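Let me begin by presenting the structure, written as structure tokens, before commenting on it.
The values are calculated or read from the model by the stated rules, or taken from the named source; none is laboratory data. If you're wondering where the values come from, they're calculated on a predicted model, not measured in any experiment. Here the Cβ positions follow ideal geometry from the backbone for every residue, glycine too, while neighbour counts run over all protein chains shown.
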Amino acid sequence: MAVLSKIRQRSLVLILVIGLSLLAFIIADIIKSGGFGVSRNIGSVNGKDIPVQDFLQKVNDVQARQQGISPTQAANAVWNQEVDNILFEERYEKSGLRVGKDHIFNVYAQDPQVAQNPQFQNALGKFDKAKFNEFLVNMKTTNPAQWQMIEKNKGLVENAAKKQLYLTMVKAAFFATDADGKAKYEAEANKVTFDYVFVPYSTINDDQVKVSDEELTAYMKKNEKKYKAEASRDLEYVLIENKPSAADEAEMKSQINGLLSPRVEYNDETKSNDTIPGFAKVTNVEEFVNKNSDIKYDSTYVTKKQLPIEFAEQIYNLNKGEVFGPYVDNGYYKLTRMIDKKGNATAKASHILISYKGSKAPDPSITRTKEEAKAKADDLLKQAKANPDNFAALAMANTDDPGSKNTGGEYDNITPNQMVKPFNDFVFNNPVGTIGVVETEFGYHVIKVTGKNEAVQLATIAQRIEPSEATTDEVFTKATKLEMDAEEKSFADLTKDLGLTVVPANKIMANDENIQGIGSQRAIVKWAFSKDAKEGDVKKFDIPQGHAIVRVKAINKKGLLSMEEAKISVLPILRDEKKAELIRKKMEGTTLEAVAQKTGSTVANAVDVSLANPTIANVGPEPKVVGKAFGLGEGKTSGLIDGKLGVFMIKTKTISKAAALPNYTAFTARLNGEGRQQVQGRLSAALKENADIEDDRSNFN
């Protein structure tokens, strides 16, 4: 009894201990799972999870490889790749697909960094699997770190090999028959000529037919697969730019103008006033520029074409020591002083490269000897001297330099020592118009010097045109007031009173980041898709251009297209159907002439129209009408046909059938080629269409 009594006395302590133990267990499990309310997965495909940590690591890898790509762009690219990989892996498993060493090597052979590496090429310049295999075997001991990297990516390469093999199998199973080839030929070659009466839908004003929202919804439900949509947001915003006022610009212009005149400054070191000369007279130009400019001094010589187009003439024609400005260029007030001019600074030349076996040739398949290359170069030199104006055509037809083949061998703005020495010396040591041959490690060059450029050295003071603190405060106050007032008043009325332009941004998706007009704004998208966001909500966002005041115009849930989108894509279809009913009532008669008289139309003629290009001159594409014309038979008149652009009645005059061919191999081959090119895209789209995909990306980026 005493023991029971003690247990009762300490029951509260036991409960607390047990409770704390359970809580610790639960917390540990939550942390292991990724935190409170946070999934361990970025999403799933047909029940297969995509772990967050793996996904984020791959996003980081993509960003590291592709400089300048944003986190959202990288995440979207990785997501598409992950979904594709899982869906295709399912196909590999179902088909029992396996790959061997040769398949793996084929993947490496298609990587330019591997296949074009001379270390892995045979005497013919082709990828040699044996050499590559030897390299891998040796790497395990000579370069363990690189070996580990290859081992790490082994699964990716195997998947790539499987995908390549699987797609090859699917493409091999895709084929067009001779009947398909014949049908393709006849669709292109058979022609029909017919008379027609046409009453366009545009003859009836849109306001004469009414289409209700209910009718739009019913039509979309009837064609649900075609008009389904993911969740999206329709936004609208105004941009209040943080830019300098007229007073700010005038003040900045006054300040930079002051650098042209001498001024007195107090010198802390000498404890006296110093007279600082103006920009045109200062002796230490570099120090003066760096002290007064937002862009540091640059001593590089530049050509006239590299100067700002609007001011190139004035700047280029300055004498040494003269100053031009102030002028506005690319958001800066600038003053430019001429420091120096020199001739023969850059050159323009065209060349024809004739390489030979053993030279440092761009194309390893070249087999001509050095003697043959020299003879060809000398022959081209004679042709070029005989007709200098034909140099570009000679280069395009003969050069072995792929970098200049399409420009007629031309290289512009060549700087000294940019090219190999013999080439450089010929260009810079000969006058314009000289044509000759030089030899370099790449082969023989037939060169024509086509231009020489003078260059100038300038000192430019550039001060960015920025708003003053007072202007920035005023802009901020204006934007904040609009955000606050929008809680109680109409956004449209407020923006109208302020003279601001409201910009629509419709169909923003959960994983988007760009908003038309203001660029990458992931924060705005995340806000619009947050759980607390409601239609009509307004929020101010600080962006590089100033402030964007954004309103959620509509929240479109997953399902059918939003009504606004439906009015763009579905409304015209239903409206034309109703217009067709009204037009049909006017088109009375059994002959074209009778219908034309009733409707005030004319009988027109369509000549030699094909099924492959069912376009009626002066009307547009009308496949249904042209198909009917072929099906009627010569001399037969149709009933009324609701076309794409209006209602028709037609009478077929002649059907010209093309002569039968001995075979249709060329057409069948074209169909096979076109179809096989589309296999991967169509297969990927079909797999995604039928997959159960859970996408939680928007919660992580």
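The single condition among (1) of a type outside the set (Gly, Ala, Ser); (2) in contact with a helix residue (DSSP H, G or I) (Cβ under 6 Å, 6 or more places away or on another chain); (3) under 23 Å from Asp178 (Cα atoms) that Val603 does not satisfy is (3).
Out of Lys357, Lys376, one residue alone is in contact with a Lys or Arg (Cβ under 7 Å, 6 or more places away or on another chain), outside any strand (DSSP E or B) and either among the basic types (Lys, Arg) or modelled with pLDDT of 95 or more (or both). It is Lys357.
Taking the condition exposed (fewer than 15 other Cβ atoms within 10 Å of the Cβ), in the same structural domain as Glu439 (by TED's automatic domain parsing) and of a type in the set (Lys, Arg), does Lys385 pass? Here the answer is yes, as Lys385 does meet what is asked.
The helices (runs of 4 or more DSSP H) located wholly in the stretch 601-694 that include 1 or more residues which are in contact (Cβ under 8 Å) with a residue 12 or more places away in the chain, of a type in the set (A, V, I, L, M, F, W, C) and over 30 Å from Ser202 (Cβ atoms) occupy 665-677, 679-689. For the stretch 178-185, the count of residues that are within 28 Å of Gln677 (Cβ to Cβ), of a type outside the set (Lys, Arg) and at pLDDT below 80 is zero. For first residues located in the stretch 314-327 and in contact (Cβ under 8 Å) with a residue 60 or more places away in the chain, partners that are acidic (Asp, Glu) and lie 6+ apart or on another chain with Cβ distances below 9 Å form the pairs Tyr316/Glu454.
Pairs meeting the criteria (first residue in the stretch 473-492 and under 12 Å from Ile240 (Cα atoms), second residue among the charged types (D, E, K, R) and not in a loop (DSSP other than H, G, I, E, B), beta carbons under 6 Å, at least 6 apart or on different chains) are Ala479/Lys540; Glu483/Lys540. For Pro402, the conditions (1) assigned to a loop (DSSP other than H, G, I, E, B); (2) under 26 Å from Tyr301 (Cα atoms) all hold with the exception of (2).
Scanning the stretch 409-429 for residues that are surrounded by fewer than 17 Cβ atoms within 10 Å (Cβ to Cβ) and either in a loop (DSSP other than H, G, I, E, B) or not assigned by TED's automatic domain parsing to the domain that holds Asp363 (or both) yields Thr415, Pro416, Asn417, Gln418, Val420.
Taken over the stretch 555-579, residues that are part of a helix (DSSP H, G or I), among the aliphatic types (A, V, I, L, M) and buried (at least 19 other Cβ atoms within 10 Å of the Cβ) amount to 1. Might you check whether a residue that is more than 28 Å from Thr415 (Cα to Cα) and in a loop (DSSP other than H, G, I, E, B) occurs anywhere in the stretch 322-334? Yes, the stretch 322-334 has at least one match.
Every listed requirement among (1) farther than 30 Å from Leu661 by Cα; (2) within 37 Å of the chain's Cα centre (by Cα) is met by Phe174 save one, (1). Of the residues making up the stretch 291-313, those that are outside any loop (DSSP other than H, G, I, E, B) and surrounded by 14 or more Cβ atoms within 10 Å (Cβ to Cβ) are Asn292, Tyr301, Val302, Lys304, Gln306, Phe311, Ala312.
Within the stretch 619-641, if we keep just the residues that are more than 20 Å from Ala580 (Cα to Cα) and not aromatic (Phe, Trp, Tyr), the residue that is modelled with the lowest pLDDT turns out to be Gly633. Entry remark, the stretch 120-157: residues being under 23 Å from Val99 (Cα atoms) and of a type in the set (Val, Ile, Thr) number 3 in total. Going through (1) surrounded by 15 or more Cβ atoms within 10 Å (Cβ to Cβ); (2) over 24 Å from Pro71 (Cβ atoms); (3) in contact with a Ser or Thr (Cβ under 8 Å, 6 or more places away or on another chain); (4) polar (S, T, N, Q) one by one, Thr591 falls short only on (1). Within the stretch 158-182, being over 15 Å from His103 (Cβ atoms) and of a type outside the set (Asp, Glu) holds for Val170, Lys171, Ala172, Ala173, Phe174, Phe175, Ala176, Thr177, Ala179, Gly181, Lys182. Taking the stretch 518-575 as the search range and keeping residues that are over 26 Å from Glu224 (Cβ atoms) and hydroxyl-bearing (Ser, Thr, Tyr), which one is farthest from the chain's Cα centre (by Cα)? Per the stated criteria, the residue is Ser530.
Going by the structure shown, is Ile352 touching a Lys or Arg at 6+ places or on another chain (Cβ under 8 Å) and touching a residue at least 24 places away in the same chain (Cβ under 8 Å)? When the stated conditions are applied, Ile352 does not pass them.
In the stretch 264-283, the residues that are closer than 27 Å to Glu322 by Cα reach residues that are among the aliphatic types (A, V, I, L, M) and part of a loop (DSSP other than H, G, I, E, B) with C-beta atoms within less than 9 angstrom, at least six apart or across chains, in these pairs: Ile276/Val282. Filtering the stretch 35-75 to residues that are β-branched (Val, Ile, Thr) and either part of a helix (DSSP H, G or I) or buried (at least 19 other Cβ atoms within 10 Å of the Cβ) (or both) leaves Ile42, Val45, Ile50, Val52, Val59, Val62, Thr72. Quick check: anything in the stretch 360-375 in contact (Cβ under 8 Å) with a residue 60 or more places away in the chain and among the basic types (Lys, Arg)? Yes, the stretch 360-375 contains at least one residue that is in contact (Cβ under 8 Å) with a residue 60 or more places away in the chain and among the basic types (Lys, Arg). Within the stretch 484-501, the residues that satisfy the criterion of being buried (at least 16 other Cβ atoms within 10 Å of the Cβ) and of a type outside the set (S, T, N, Q) are Asp485, Ala486, Phe491, Leu494, Leu500. Scanning the stretch 472-483 for residues that are among the small types (Gly, Ala, Ser), touching a helix residue (DSSP H, G or I) at 6+ places or on another chain (Cβ under 7 Å), under 14 Å from His547 (Cβ atoms) and outside the structural domain of Asn257 (by TED's automatic domain parsing) turns up nothing. Whenever a residue of the stretch 587-600 is more than 16 Å from Thr203 (Cβ to Cβ), its partners that are in a loop (DSSP other than H, G, I, E, B), lying with C-beta atoms within less than 6 angstrom and at least six residues away or across chains, give the pairs Leu592/Val603. Residues in the stretch 249-263 that are closer than 21 Å to Thr471 by Cβ and touching a residue at least 40 places away in the same chain (Cβ under 8 Å): 7 in all. Scanning the stretch 76-131 for residues that are small (Gly, Ala, Ser), more than 30 Å from Arg522 (Cβ to Cβ), in a helix (DSSP H, G or I) and free of Cβ contacts under 8 Å to residues at least 24 places away in the same chain yields Ala109, Ala115, Ala130.
Tallying residues that are part of a strand (DSSP E or B) and surrounded by fewer than 15 Cβ atoms within 10 Å (Cβ to Cβ) within the stretch 221-274 yields 10. Restricted to the stretch 478-492, and to residues there that are part of a helix (DSSP H, G or I) and over 37 Å from the mean Cα position of the chain (by Cα), the residue that is farthest from Gly536 (Cα to Cα) is Lys481.
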